[in-house]
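Input: a single structure, listed below in structure tokens.
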């Protein structure tokens, strides 16, 4: 398959088009523009075996216009939950809204009663009540949490989860075919995948 050839003129033309498109962002209405110059550097972070979350109403401003959001602990997006694989976590969620709410732990392996889907795995959290989600953390990676009640997710009721590995990733070794003899027999030599 032939590789396309690029010359300096094509590169400069592509850069000019890309820069022009970035410049057009200022012509978008305020609601369609980003609210910050980039990612927030100090995202509120909660960790540990006991975490308290409060769902409520909060104002927020984008492009000089103020709107309404459903937030957790008064921030949008909700605080980052930083957990560790192998730990048990107890999340006490208090509903400060005038309607039912819920939190679904998207992608987490947990007991079905803790899944947070009203009418399926639990009844939901009534106004001014607290529900305690308690479960072991069985995996690592990046996930998120959000509401499954009354379109609250679309109004800001969502946040990130980062689960750190229980132990650092070991340096794996793999058996390899001895390429010097090329017999195809599996040799007893091992090598690190990093070398």
> Does residue 59 fit the bill of being touching a strand residue (DSSP E or B) at 6+ places or on another chain (Cβ under 8 Å) and closer than 15 Å to residue 147 by Cα?
Replying inline: no
> Given the structure, is residue 93 at pLDDT 95 or above, assigned to a strand (DSSP E or B) and closer than 20 Å to residue 121 by Cβ?
Replying inline: yes
> Does residue 60 fit the bill of being in a loop (DSSP other than H, G, I, E, B), at pLDDT below 95 and at negative phi?
Replying inline: no
> So which of 46, 108 is under 18 Å from the mean Cα position of the chain (by Cα), within 18 Å of residue 137 (Cα to Cα), part of a strand (DSSP E or B) and touching a residue at least 24 places away in the same chain (Cβ under 8 Å)?
Replying inline: 46
> From the set of residues in the stretch 62-106 that are in contact with a strand residue (DSSP E or B) (Cβ under 7 Å, 6 or more places away or on another chain) and surrounded by fewer than 14 Cβ atoms within 10 Å (Cβ to Cβ), which is farthest from residue 135 (Cα to Cα)?
Replying inline: 66
>> Any residue that is surrounded by 11 or more Cβ atoms within 10 Å (Cβ to Cβ), over 26 Å from residue 132 (Cα atoms), in contact with a strand residue (DSSP E or B) (Cβ under 7 Å, 6 or more places away or on another chain) and at pLDDT below 90 - is there at least one of those in the stretch 16-29?
In response: no
> In the stretch 111-131, which residues are surrounded by fewer than 13 Cβ atoms within 10 Å (Cβ to Cβ) and within 23 Å of the chain's Cα centre (by Cα)?
Replying inline: 111, 112, 113
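Table: residues versus (1) in contact with a strand residue (DSSP E or B) (Cβ under 6 Å, 6 or more places away or on another chain); (2) modelled with pLDDT of 70 or more; (3) exposed (fewer than 10 other Cβ atoms within 10 Å of the Cβ).
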| site | (1), (2), (3) |
| --- | --- |
| 2 | no, no, yes |
| 9 | no, yes, yes |
| 38 | no, no, yes |
| 42 | no, yes, yes |
| 53 | yes, yes, no |
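The values are calculated or read from the model by the stated rules, or taken from the named source; none is laboratory data. Note that the structure is predicted; figures quoted are calculated from it, not measured. Counting neighbours? That spans all protein chains shown, and the Cβs are built from the backbone with ideal geometry, glycine included.
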